[in-house]
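The values are calculated or read from the model by the stated rules, or taken from the named source; none is laboratory data. Quick caveat, the model's predicted, so the values are computed rather than measured. Virtual Cβ from ideal backbone geometry, glycine too; neighbours counted across all protein chains shown. These accessible areas exclude ligands, DNA and RNA; they are computed on the full protein's heavy atoms, side chains included. Shrake-Rupley method; radii C 1.70, N 1.55, O 1.52, S 1.80 Å.
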Amino acid sequence: MTKLQRLLFLGVSLLFFFCFMGDASAAPLIPNVNIDVGSSDKPQDVAVTLQLMAVLTILSIAPSILIMTTAFIRIVVVLGFLRNAMSTQTSPPNMVIIGLALFLTFYIMAPYWSQANEYGLQPYLAGQITQEEAITNTVAPIREFMFKQTREADLAMFVNLSEAPRPNGPEDVSTFTLIPAYMISELKTAFQLGFMIYIPFIVIDMIVASTLMSMGMMMLPPVMISLPFKILLFVLVDGWHLLIKSLIISFK
């Protein structure tokens, strides 16, 4: 298995630990960890120290890699487009947008994470499969999700650029090749959704700007007048319901 697949297995395992852990009274959740730094003349101790540093480094970037392999990219970009289209500056604030994007990501990715937990993590913890099989079973649902959302043209581009042998099927595509192809596919889809979001708000801006110009009120910023109408339109059509429903359906 590649290092990236091992990293994905580690990150997903941590997510399962926090999402599917049992009653807090059953066992202590926060263990007591002591790390002592000292000198040693044994090469084995130096190797263990380097491995520990490597693990800590991997853990620090694991959340970013997991986010880039989930629905988070499309959701957060579309929500950013919505805020810019409405010209509401910092409302909703970044914390609200990130939080909403994360919980929507958990909702969309829950079936895939459940499969990874059922067929990969739990059998491994029970000693029924080896570590290699656990990594394969855990990463497989995540790869299945990314394949569904990745365009063939984007995937073919990265396969050709990698100069790897032509894959006979999805199982022959490396995870290193799949992730960047998935990311640019998600960005393209997010920009397409963002364009559709901009259209009604641009119409309002054009109407307001034309009205002000015809009235000779060219010194008055059109944004000040159009902003309440944009908010009113978004509320009347139940914009949040339509937007979130469209985002979730786009992953089906």
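Details
- Counting only helices (runs of 4 or more DSSP H) wholly contained in segment 103-162, the ones carrying 3 or more residues that are touching a residue at least 40 places away in the same chain (Cβ under 8 Å) occupy 131-149.
- Leading residue by the ranking (modelled with the highest pLDDT) among those in segment 163-176 that are surrounded by fewer than 18 Cβ atoms within 10 Å (Cβ to Cβ), in contact with a Leu (Cβ under 9 Å, 6 or more places away or on another chain) and part of a helix (DSSP H, G or I): PHE176
- Residue ID - most open to solvent (accessible area, probe 1.4 Å), chosen from residues in segment 203-252 that are part of a helix (DSSP H, G or I) and in contact with a Lys or Arg (Cβ under 9 Å, 6 or more places away or on another chain): ASP205
- When ILE97, ILE61, ILE73 are screened for being within 16 Å of the chain's Cα centre (by Cα) and at pLDDT below 85, only ILE61 passes.
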